[in-house]
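Remarks on the structure that follows.
The values are calculated or read from the model by the stated rules, or taken from the named source; none is laboratory data. Quantities reported herein were computed from a predicted structural model and do not represent experimental measurements. Positions of Cβ are backbone-derived with ideal geometry, glycine not excepted, and every protein chain shown enters the neighbour counts. Ligands, DNA and RNA are excluded from the accessible area calculation, which covers all protein heavy atoms including side chains. Shrake-Rupley method; radii C 1.70, N 1.55, O 1.52, S 1.80 Å.
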Amino acid sequence: MITSAQLRAARALLGMDQRTLADLSGLSLPTIQRMEGSGGQIRGNVDSLVKLVGALATAGIELIGEGAVSPTGGRGVRLRGSGER
């Protein structure tokens with residue numbers, strides 16, 4: 001669903017700190033820190049992952065999954081255009 005590297009990259013693109021993401025997602029700061037500190041795919045309960053991905057989407061992040069159409073391939077993140085929110 002989302003990797004720790006994607007999460008860190010998404011926050012960097014938004015210029016958002018962990019506390020702000022925690023507030024936007026309704027998750028605790030330690031949960032965000034644990035998610036970012038994990039290696040590879042983030043593991044957690046479905047509700048927490050949905051909240052996290054939803055908060056990032058609301059902020060303008062589009063997650064690019066493995067195998068999704070992308071000019072360079074692989075996983076990543078990108079900001080959606082302002083008309084696409």
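Pairs meeting the criteria (first residue in the range 12-28 and of a type outside the set (Ser, Thr, Tyr), second residue part of a loop (DSSP other than H, G, I, E, B) and open to solvent by 50 Å² or more (accessible area, probe 1.4 Å), beta carbons under 9 Å, at least 6 apart or on different chains) are Ala22/Ser28.
Against the numbered list (1) open to solvent by 70 Å² or more (accessible area, probe 1.4 Å); (2) in contact (Cβ under 8 Å) with a residue 40 or more places away in the chain, Val53 comes up short only at (1). Of all residues in the range 30-50, those being surrounded by 14 or more Cβ atoms within 10 Å (Cβ to Cβ), assigned to a helix (DSSP H, G or I) and either modelled with pLDDT under 95 or not β-branched (Val, Ile, Thr) (or both) number 5. Scanning the range 1-19 for residues that are assigned to a helix (DSSP H, G or I) and over 20 Å from Arg78 (Cβ atoms) yields Gln18, Arg19.
For Gly67, the criteria (1) at pLDDT below 95; (2) buried (at least 17 other Cβ atoms within 10 Å of the Cβ); (3) assigned to a loop (DSSP other than H, G, I, E, B) hold in every case but one, which is (2).
Whether a residue is basic (Lys, Arg), part of a loop (DSSP other than H, G, I, E, B) and modelled with pLDDT under 95 was assessed, and Arg78 does not pass this test.
Would you pick out the residues in the range 20-29 that are part of a loop (DSSP other than H, G, I, E, B) and either surrounded by 15 or more Cβ atoms within 10 Å (Cβ to Cβ) or within 12 Å of the chain's Cα centre (by Cα) (or both)? Don't jump to the end; show me each part of the working.
Initially, the range 20-29 is screened for residues part of a loop (DSSP other than H, G, I, E, B), giving 26-28.
Leu27, the sole residue that qualifies.
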